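Visitor: This structure is in structure tokens; I'll ask about it shortly.
Rule-based calculations on the coordinates, nothing more; no lab input. Bear in mind that the values here come from a model prediction, so they are computed numbers and not experimental data. Cβ placement follows ideal geometry from the backbone for every residue including glycine, while neighbour counts extend to all protein chains displayed.
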Amino acid sequence: MKDRVDTGGAEYKINLLAPFMHVDPYPTYKKLRQYHSICPLEQEGMLAISRYDDIVSILKQPDIFSSTDLAAAFETEWMPEAANPEEYILALEDKPEHTYHRRLVSKDFAYTAVAAERAAMYRVAEKAVAALKSHHSLDFFDGVACPYAEQIINHFFGVDPEDQFANLRDWRQLVEMPPSEPDPACLKKIEQYSEEGTAYFKQLILSRHNKPVGDFVSRLLGADPGDKVLTTAQKAALIELIFSAGLMPVAQLLSHAILRLSQEPLLVDQLKKSPENITLFTDELLRYDSPTHILPRRNLLPVTVSGVHIPESTTIYLLLGSANRDHGHFDCADTFDIFRPNNNTHLSLGYGMHRCLGERLLKSQVAIFLEVLLHRFSGISCPPRDQLKWFYQMTSYSFRKLPVIFH
Ligand code: HEM
């Protein structure tokens, strides 16, 4: 007989893709933490875990709660072959491969490497802010946040902004990949963008191989120690992972920052006067309203979490967005407070061996953009969040458009 998830007799099941979970998931998270902290999903063999301490305890045990074993969970029957990566690397690896591959790239995200990008970030931010007209409405997400994140990641990778793929516009559309089988036209587009993306990254590798230019890709190619040479497919997967990780989540976080500031005019005044507090603001924003709400894992062994038995090979969704509002860990968790003492213990950048590699890069990007923006503008107006159009994806918590007026 198939092992069943023991939910303590409760029949409650959660649909993480329900529209209300995107616009305002927090009341549901609260209910989950209180009554169903280990809760089955509507889909068979999947669970959601919502309490801070349970999630940290799981992320501390990567040998049991695997990332590798998840790769298959992302592949669907209808997904075109080209959209499934040839290789899964780093984020979807366990030890020892993960340790080896992380070591290969971690120097590029260290303090000095990111500090070297700051002058370029200021240049890009100043140009973007100079182009904004006072009292004019625009879509901040598409018109400002995405191009800003694109230009920074392009610079980091040494990609020529004139390159036909450099604007990554097609990639953005892939982010909207539907959770269930789309129509044939959409499938065709997914296939086309996937093929173009993979071909682009392979071509980038080839061109840097022939002519290294001292950028991230050239360094990665030179970093292979003899017996552990990465295949071209692995290099392409690594570059693709970092490229995409550095794009949408950053644009989404910047958009969340603008929305929050539009809701808290006093905070705008405060940060204008003391820009050094923007770093505190960014951490509190990541805690309060992060673009990443869910991390998946799969357990390689049967386990018990908070007294609930979980059979082997269950796909477990860790609800980071819920952990970040857990009153058991954060006092007055539903209040936005940049001075809360433990706001950098949020889980929005993960925890443990897979913790976000781009942390320094993303925090510098956000801080520099906001500093430049608030130097010029004193007011930000956006519509209320329930009037915004949201992405309907399980792992991304963000809106597609953010109408804004700066003044
Ligand atoms: C707001 C922006 C970002 C958010 C919310 C975010 C969130 C996360 C989270 C939650 C993880 C942990 C994944 C896991 O445990 O399975 C992660 C890992 C990772 N992030 Fe980020 N990230 C952001 C920006 C970036 C940037 C700018 C880069 C690089 C350009 C980056 C590169 C990575 C990489 C390479 C990993 C995999 C690390 C590993 O598996 O060892 N991220 N990120």
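Visitor: Which order, highest average first, do 276-282, 293-299 follow once you tally other Cβ atoms within 10 Å for each residue and take the mean per peptide?
Guide: Working: 276-282: 17.7, 293-299: 21.7.
Packing order, densest peptide first, comes out as 293-299, 276-282.
Visitor: Same structure, new question: Which listed residue (Met353, Asn343, Gln365) has the Cα farthest towards the positive end of the charge dipole for the stretch 249-407, taking +1 on Lys and Arg C-beta and -1 on Asp and Glu C-beta about the Cα centre?
Guide: Gln365
Visitor: What pairs in Lys211/Lys235; Lys363/Lys401; Lys30/Lys95; Lys95/Lys363; Lys107/Lys363; Lys235/Lys401 have C-alpha atoms more than 26 Å from each other?
Guide: Lys30/Lys95; Lys95/Lys363; Lys235/Lys401
Visitor: Then there is this: Which semi-axis lengths, in whole Å and largest first, follow from the square roots of five times the eigenvalues of the Cα gyration tensor of the stretch 280-407?
Guide: 32, 17, 15
Visitor: Which value, in debye to the nearest 20, describes the size of the charge dipole of the stretch 20-382 about its Cα centre when Lys and Arg Cβ atoms bear +1, Asp and Glu Cβ atoms bear -1, and nothing else is charged?
Guide: With Lys and Arg at +1 and Asp and Glu at -1, about 1160 debye.
Visitor: Then there's this: If you find the alpha carbon centre of the stretch 89-106 and of the stretch 261-304, how far apart are they in angstrom?
Guide: That distance is 26 Å.
Visitor: Please report Rg (one decimal) and Dmax (integer) in Å for the Cα set of the chain.
Guide: Answer for the chain, Rg first and Dmax second: 21.3, 66 Å.
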